[in-house]
1. One residue is enough: does the stretch 105-114 have a residue meeting the conditions part of a loop (DSSP other than H, G, I, E, B), within 11 Å of the chain's Cα centre (by Cα), touching a residue at least 12 places away in the same chain (Cβ under 8 Å) and in the same structural domain as R67 (by TED's automatic domain parsing)?
2. Could you count how many residues in the stretch 131-175 are part of a loop (DSSP other than H, G, I, E, B) and under 27 Å from A33 (Cβ atoms)?
3. Scanning for something in contact (Cβ under 8 Å) with a residue 40 or more places away in the chain and farther than 15 Å from P151 by Cα, does the stretch 132-139 turn up at least one residue?
4. Could you grab me the full set of residues in the stretch 115-130 that are assigned to a strand (DSSP E or B) and of a type in the set (A, V, I, L, M, F, W, C)?
5. Can you list the strands (runs of 3 or more DSSP E) found entirely within the stretch 1-103 that contain at least 3 residues being surrounded by 15 or more Cβ atoms within 10 Å (Cβ to Cβ) and of a type in the set (D, E, K, R)?
6. Confirm whether S159 is closer than 25 Å to W29 by Cβ and among the polar types (S, T, N, Q).
7. Output the residues belonging to the stretch 30-67 that are over 23 Å from E168 (Cβ atoms) and touching a residue at least 60 places away in the same chain (Cβ under 8 Å).
Amino acid sequence: MASIIIDGALPETLPVREDGTQFPFALAWEDRAILAETRTELTAELIDGYAELPETEEGDTDALYARYRTAVQIANTLQQVLAANATEEGTFDPSTQSEDVLTTIFTDRSEKIDEITEWTNKDVPLVLVATEYAPYSTATKPTGNVLWVDPFTETTFLSTLSELGLVELFVNEQS
C-alpha cells in the first residue's frame, strides 16, 4: 500500500502510482489532501494510531472502536458549531428552548439520548452517531432534521464525513 500526502495547494497534475495509474482514492480537507490505495489509508490520516492497528479480528474491532470514538468527537463538535452558528444568525435562542431540546442538542454523543422519533427543530440539525441506532442497535432511528456520522465501516465513515461537508472524498471507479 502507498499513499501521498499533499499539503497546501494541489499541483496542476496529481501524482500517480508507481505503475503510472491514478490512485483509486483521495481525500481533501482544509489545505491538505491524501491520495491512497485504500480507504484504510485515508482513515488512518484522520485517526491517530489507526495505521498501526493489526489486520486481525481484534484489530478490526479496535478499528471500529477508533472510528466510533472519532465519530463521537466529530458529532459533538459539529453539533456545538451548528448551535453556535444558529445562535449568531439569530435563528436559535437557547433561552427560549425547552430543557428537553437543550439536553438533546448538548448531550455528549457517547451518552444515551432519550429516544426521539422525529427532530423537528429546523434551526439546529441534530447530529448523531449512526451506530447507536437501527439497524446497528435496537434504538429507533429518528427522522427529521438529523445529520449522521456513521463509523460502521471505513466506507460509511468517510462517505458521511463527505456528506457533512467536512472532507471531500474522491473515488476513482476506474482504478
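The values are calculated or read from the model by the stated rules, or taken from the named source; none is laboratory data. In this text, all values refer to a predicted model and were calculated from it rather than measured experimentally. Reconstructed Cβ throughout: ideal geometry from the backbone, glycine too, with neighbour counts over all protein chains shown.
1. no
2. Matching residues across the stretch 131-175 total 12.
3. No, the stretch 132-139 has no match at all.
4. Matches in the stretch 115-130: W119, L126, V127, L128, V129.
5. In the stretch 1-103, no matching strands (runs of 3 or more DSSP E) lie anywhere.
6. Yes, satisfied.
7. L64
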